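> Dropping a structure here in structure tokens format, bear with me for questions.
The values are calculated or read from the model by the stated rules, or taken from the named source; none is laboratory data. Just so it is clear, the model here is predicted, and its values are computed rather than measured. Please note: Cβ atoms are built from the backbone with ideal geometry, for glycine as well, and neighbour counts cover all protein chains shown. All accessible areas refer to the heavy atoms of the entire protein, side chains included, with ligands and DNA or RNA removed. Shrake-Rupley method; radii C 1.70, N 1.55, O 1.52, S 1.80 Å.
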2 protein chains.
Amino acid sequence: MSHVGKKRKLDKSRQDRLYFDSYSDVTIHEEMIADHVRTNTYRTAILRNSESIRGKVVLDVGAGTGVLSVFCAQAGAKKVYAVEACSIAEQAAKIVKHNNMEDRIEVVRGTVETVELPEMVEVIVSEWMGYALLHESMLNSVLYARDKWLKAGGLILPSKAELYIAPISDPVAEDRLHFWYTVKEQYGVDMSCMSDFARGCIMNSDITVNSVTVEDVLSHPARFAELDLHSVTVDHLRSVEGHFRCESFGSATVNAFCVYFTVTFPCPDKAHALVLSTSPFKPETHWKQAVLYLDAPTDVVQDTPVTGTVSMYPSNQSARHICIHVDYTIGEQKRRSKTFSIPDWSAEAQP
Amino acid sequence: MSHVGKKRKLDKSRQDRLYFDSYSDVTIHEEMIADHVRTNTYRTAILRNSESIRGKVVLDVGAGTGVLSVFCAQAGAKKVYAVEACSIAEQAAKIVKHNNMEDRIEVVRGTVETVELPEMVEVIVSEWMGYALLHESMLNSVLYARDKWLKAGGLILPSKAELYIAPISDPVAEDRLHFWYTVKEQYGVDMSCMSDFARGCIMNSDITVNSVTVEDVLSHPARFAELDLHSVTVDHLRSVEGHFRCESFGSATVNAFCVYFTVTFPCPDKAHALVLSTSPFKPETHWKQAVLYLDAPTDVVQDTPVTGTVSMYPSNQSARHICIHVDYTIGEQKRRSKTFSIPDWSAEAQP
């Protein structure tokens, strides 16, 4: 069931409380640790950078269960500050103790914006990426930590993020619309007139988090934004935007865009930078892809250009919630635009 | 992600708004219509009772898309009042028109407690069952409609509801706890100390709606309550309770109870009463089963008695949310009790 209610602005402390509370349950941590692409890429990246980490001081922003902090200690860090605002910090402290790393890892309970560390750090590690990269806007906290606690020339893991978009044809959504045409055959009641209403509900302006099947991607994805974590500013995150141009592989019906991201870890041997990709062409991660449904499907043929601009910015209702605005042109059609957002269950429950 | 927040009491009108809003999206209606067990059983029951429906006036309580009203018209009803409070009523009106039944079906927008009908009815049909039967407490509305609008000796479809309980062994929950013991092998970090925390989160007091596999049911289910829709009162629904006694099929570990329901439709030929069952031993429905996790798993052997009492009552926070309290004794163990409730996302978002 989906609760569709009126939205109102949440005050900042309330937003934060809801956000941090959501990480107090084991499920999200289980999902993140069990995501082998995520956890193994971080592990490999940290171990490959052990020359830069050995003997150094590390800050883990939003440490969760502390798994990345343990990887850093294993890579030889002299000291790791595992900063975590949620009560999961208590579990992180147990895990640190259980792995005999209390001398090297210090779990610090609090937000990175408010905690005091006894020293500057040489390395920042963080797994800050949300759905569509920027949902939950935890990157702001990483940038805050960088500006406040990272020594000049320090290392940031990962050091770069990139955003991609591609037109897709989602058969599941079309099947759901078609369902209403099948009711007569099943039960003798003609419900085909429901399909317009169904289209309005399914192809709405919510960002849908879903696994996109490779065959449903209609062109090479286009990169529309890149964030260099050494130079990007909080100000820049108020609107992350860029252009894209895709060309259809063949004849198909576009009914959505798919947005996904990659993050890149620096490597001593620069030829082998390590990329954590959430592309539909790569093994699935718990981030899946962000699917943005168009109001009406559009036919394309081979090489039909699909062009436009994407901008991503925090929602007015809640700064942790991302909005994605897409201006797009498919072939000879007129320019269209649509604004999407992640449904905000907490805000929706407001009167 | 699960949002765990402080709860507060919602005022009645707010609860109603949230409840009715949830039925304005197409997804829930698609799920209900696509549930063949549900829709076909209602269809068969209505058609089998056509002798009692032909030429009569019917009230459909919470008509949704109006599918049951159409079945009643097909069974020969002279007039069907399809009462629906949500905006889905607009779709019901379209469907009625689309099926050329405007002369026989009148969609009435409003709650059954507030609408005025021009006449008394001979038949009430309603699909009012929620998770664990009573979640959403729509039965109250059916009883209100019965007392206000049903002529003496009228028909109620369905006419009886029964509740069952059985001890189960849920391997998924145990696998999730075991996961934390596998992290060391996967990533070289010992996270086994997370399993207590995980048990607290997973085996919590939420009612989990899940499909229970037949092999995981450890005894014949025991019926603990029966509601006769002709005689049950709103007062009775303040606490639906009963005793149960189960005997284990064999050696196993009980880690949960499973609660489910059946509803029965009267049939002219009483030997063939039609039952809509949500038993784990029957084909799956969208209601699945309600799973109640115990705090600690308990071993049983063949014929170990599992006895106790169950009581189901509306939550203090929201009358539409059900609580299930189970007092139970497994074999020679001391009596234990635990109270469960359906997580209330809307209430949880409150400050």
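> So in the range A:16-29, with the set limited to residues that are crowded, with 20+ Cβ neighbours inside 10 Å and modelled with pLDDT of 90 or more, which one is nearest to the other protein chains (Cβ to nearest Cβ)?
Across the range A:16-29, the extreme among qualifying residues is A:26.
> Can you pull out every residue in the range A:67-118 that is touching a Phe, Trp or Tyr at 6+ places or on another chain (Cβ under 9 Å) and assigned to a helix (DSSP H, G or I)?
A:67, A:68, A:69, A:70, A:71, A:88, A:90, A:91, A:94
> Looking at A:136, A:119, A:113, can you tell me which residue is more than 11 Å from chain B (Cβ to nearest Cβ), open to solvent by 10 Å² or more (accessible area, probe 1.4 Å) and in contact with a strand residue (DSSP E or B) (Cβ under 7 Å, 6 or more places away or on another chain)?
A:119
> Continuing with the same structure: Is there any pair linking a residue in the range A:130-156 that is within 14 Å of residue A:56 (Cβ to Cβ) to one that is acidic (Asp, Glu), with Cβ under 6 Å and at least six apart or on different chains, and which?
Qualifying pairs under 6 Å: A:151/A:122; A:154/A:122.
> Being closer than 27 Å to residue A:236 by Cα, part of a loop (DSSP other than H, G, I, E, B), modelled with pLDDT of 95 or more and open to solvent by 30 Å² or more (accessible area, probe 1.4 Å), is that true of even one residue in the range A:333-340?
There is at least one residue in the range A:333-340 that is closer than 27 Å to residue A:236 by Cα, part of a loop (DSSP other than H, G, I, E, B), modelled with pLDDT of 95 or more and open to solvent by 30 Å² or more (accessible area, probe 1.4 Å).
> Working only within the range A:172-183, note down all residues that are open to solvent by 20 Å² or more (accessible area, probe 1.4 Å) and more than 7 Å from chain B (Cβ to nearest Cβ).
Once the filter is applied, which keeps residues that are open to solvent by 20 Å² or more (accessible area, probe 1.4 Å) and more than 7 Å from chain B (Cβ to nearest Cβ), the range A:172-183 yields A:172, A:174, A:175, A:178, A:181, A:182.
> Take the residues in the range A:184-222 that are away from chain B (no Cβ under 12 Å) and of a type in the set (D, E, K, R); name whichever of them is nearest to residue B:65 (Cα to Cα).
If we take residues in the range A:184-222 being away from chain B (no Cβ under 12 Å) and of a type in the set (D, E, K, R), then A:185 is nearest to residue B:65 (Cα to Cα).
> Another question, if that's okay. Looking only at the range B:267-278, decide whether some residue is outside any strand (DSSP E or B), open to solvent by less than 10 Å² (accessible area, probe 1.4 Å) and either in the same structural domain as residue B:195 (by TED's automatic domain parsing) or out of contact with any strand residue (DSSP E or B) (no Cβ under 9 Å at 6 or more places or on another chain) (or both).
Scanning the range B:267-278 turns up at least one residue that is outside any strand (DSSP E or B), open to solvent by less than 10 Å² (accessible area, probe 1.4 Å) and either in the same structural domain as residue B:195 (by TED's automatic domain parsing) or out of contact with any strand residue (DSSP E or B) (no Cβ under 9 Å at 6 or more places or on another chain) (or both).
> When you go through A:56, A:79 one by one, which is the residue that is surrounded by fewer than 23 Cβ atoms within 10 Å (Cβ to Cβ) and within 24 Å of residue B:192 (Cα to Cα)? Break it down into steps so the answer makes sense when it comes.
Details: A:56 fails: within 24 Å of residue B:192 (Cα to Cα).
One residue alone meets the criteria, A:79.
> Here is a list: B:153, B:250. Which entry is open to solvent by 60 Å² or more (accessible area, probe 1.4 Å) and either modelled with pLDDT under 95 or not assigned by TED's automatic domain parsing to the domain that holds residue B:51 (or both)?
B:153
> Which one of A:92, A:45, A:82, A:75 is over 25 Å from the mean Cα position of the chain (by Cα), within 14 Å of another protein chain (Cβ to nearest Cβ) and at pLDDT 95 or above? Break it down into steps so the answer makes sense when it comes.
Values: A:92 fails: over 25 Å from the mean Cα position of the chain (by Cα); A:45 fails: over 25 Å from the mean Cα position of the chain (by Cα); A:82 fails: over 25 Å from the mean Cα position of the chain (by Cα).
The unique qualifying residue is A:75.
> Test residue B:8 against the stated conditions and say whether it is over 21 Å from the mean Cα position of the chain (by Cα), at pLDDT below 95 and outside any helix (DSSP H, G or I).
Here the answer is yes, as residue B:8 does meet what is asked.
> Can you report the number of residues in the range A:230-269 which are of a type outside the set (Lys, Arg), farther than 18 Å from residue A:329 by Cβ and touching a residue at least 60 places away in the same chain (Cβ under 8 Å)?
16
> Could you please find all residues in the range B:39-98 being more than 23 Å from residue B:277 (Cβ to Cβ) and of a type in the set (Asp, Glu)?
B:51, B:84, B:90
> How many residues are farther than 20 Å from residue B:139 by Cβ, modelled with pLDDT under 95 and not in a strand (DSSP E or B) when one looks only at the range B:279-317?
Total satisfying the criteria: 0.
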